[in-house]
Amino acid sequence: MRSLEIGLVLPMEESWEDGATARWVDIREFAVRAEEIGFDTVWIPDELLWRPPDGPVHGWWECVAMTGAVAAATSRVKVGTWIMSALHRNPAITAKSVETLDEISAGRFVFGLGSGHAGRQARAFGLPEDHVISRFEEAVEIIVPLLRGGHADFSGTYHAARDLEQRPVGPRPGRIPIMIGAKGPKMLRQAVRHADIWSWYVEERSDLAEFGPRLEALEAACLEVGRDPATIGRSAGIVVEPTSVTGSAEVLAVPVRGSAEQIADSFRVFRTGGFTQLELLLWPRTIAALDAMATVLELLDAD
């Protein structure tokens with residue numbers, strides 16, 4: 001088992017270059033090929049509709065349905081949500097979806113969860129736009145007890161579960177890995193209280209200069225709550241350009257790029273810096289770019 005787990009974010013969105021729709025046949029090919037060349041996890045984004053003020057609208061396939069499909073189409077690779085929005089869904093139904101996905105995947109599911117974000121996307125779907133963190137804090141008071149203990153009884157301002165049992169249960173009752181995406185102090189405290197893995201994604205640069213301070217903030221939150229920082233996984237979502245095709249910096253963030261050895265070295269810097277896994281968003285979103293990662297994974301396997 002490699003010391004730094006490498007995951008692939010599958011393309012669920014309309015193309016950034018020409019607006020073309022990612023079709024299921026193509027998504028399935030990505031997932032199966034990622035499994036073949038040795039990725040540890042494939043991740044399914046949870047977005048609905050991006051409506052930037054100065055650019056074209058981008059739609060996304062629905063996360064839970066696609067996660068189930070990808071789980072059924074693969075057999076060995078872990079399958080995870082990146083990152084399921086607590087704002088989008090009833091928390092008890094979320095826990096039931098998670099248990100169902102672990103059943104479909106035969107125990108390969110990784111439950112990525114975050115608060116979600118309000119604004120234009122939430123407004124368009126009629127979702128709540130206020131108290132996003134408070135809603136998340138209540139949601140985990142239902143989701144975590146259901147997944148860890150099989151029962152929840154909670155009544156809050158935004159959510160409730162009344163003497164609720166988690167039935168049926170999948171192959172790993174109480175043991176489905178939980179990864180919480182967290183940046184600010186309140187969410188970091190939630191992550192260190194409830195998560196097996198903490199995660200955050202690139203905003204400007206896919207390097208340790210950006211992610212190192214985030215790791216320091218996580219470790220500070222661990223000390224505040226009384227958790228050993230060594231007991232929580234640490235994951236970074238980054239952009240990678242493994243071929244001669246460039247351009248992600250104009251759309252997403254400054255990527256990791258270069259030869260296979262250079263990319264592997266960049267990943268090793270994250271490992272040395274304290275990260276346990278990476279979530280890769282490839283640019284371009286093509287099978288050619290995916291295949292270019294095979295050598296990188298072989299180099300990491302040889303460490």
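Hey, can you tell me all the residues within segment 47-68 that are surrounded by fewer than 18 Cβ atoms within 10 Å (Cβ to Cβ), in contact with a Lys or Arg (Cβ under 9 Å, 6 or more places away or on another chain) and either hydrophobic (A, V, I, L, M, F, W, C) or at positive phi (or both)?
Selection gives 49, 50, 57.
Can you report the number of residues in segment 276-291 which are more than 17 Å from the chain's Cα centre (by Cα) and either farther than 20 Å from residue 252 by Cα or assigned to a strand (DSSP E or B) (or both)?
Within segment 276-291, residues that are more than 17 Å from the chain's Cα centre (by Cα) and either farther than 20 Å from residue 252 by Cα or assigned to a strand (DSSP E or B) (or both) number 1.
Could you check how many residues of segment 157-204 are assigned to a loop (DSSP other than H, G, I, E, B), within 18 Å of the chain's Cα centre (by Cα) and surrounded by 15 or more Cβ atoms within 10 Å (Cβ to Cβ)?
Result for segment 157-204: 7.
What's the total number of residues in segment 111-120 that are buried (at least 24 other Cβ atoms within 10 Å of the Cβ) and not aromatic (Phe, Trp, Tyr)? It would help to see each step written out before you state the result.
Taking segment 111-120 first, the residues buried (at least 24 other Cβ atoms within 10 Å of the Cβ) are 111-116.
With the extra rule that they be not aromatic (Phe, Trp, Tyr), the set shrinks to 112-116.
Looking only at that region, the number is 5.
So, in segment 255-275, of the ones that are under 19 Å from the mean Cα position of the chain (by Cα) and not small (Gly, Ala, Ser), which residue ends up farthest from residue 40 (Cα to Cα)?
Ranking the qualifying residues of segment 255-275, first place goes to 255.
Restricting to segment 205-261, what's the tally of residues that are open to solvent by 40 Å² or more (accessible area, probe 1.4 Å), in a helix (DSSP H, G or I) and more than 23 Å from residue 110 (Cβ to Cβ)?
11
Pairs under 9 Å by beta carbon, first residue closer than 12 Å to residue 292 by Cβ in segment 250-269, partner buried (at least 20 other Cβ atoms within 10 Å of the Cβ) and charged (D, E, K, R), six or more apart or different chains?
Taking only residues 6 or more apart or on different chains, the pairs are 257/241; 258/241; 263/241; 263/257.
The values are calculated or read from the model by the stated rules, or taken from the named source; none is laboratory data. The shown structure was predicted, so the numbers you read here are calculated from the model rather than taken from an experiment. Neighbour counts run over all protein chains shown; Cβ positions are idealised from the backbone, glycine included. Remember, those area values only see protein heavy atoms, side chains included, never the ligands or the DNA or RNA. Shrake-Rupley method; radii C 1.70, N 1.55, O 1.52, S 1.80 Å.
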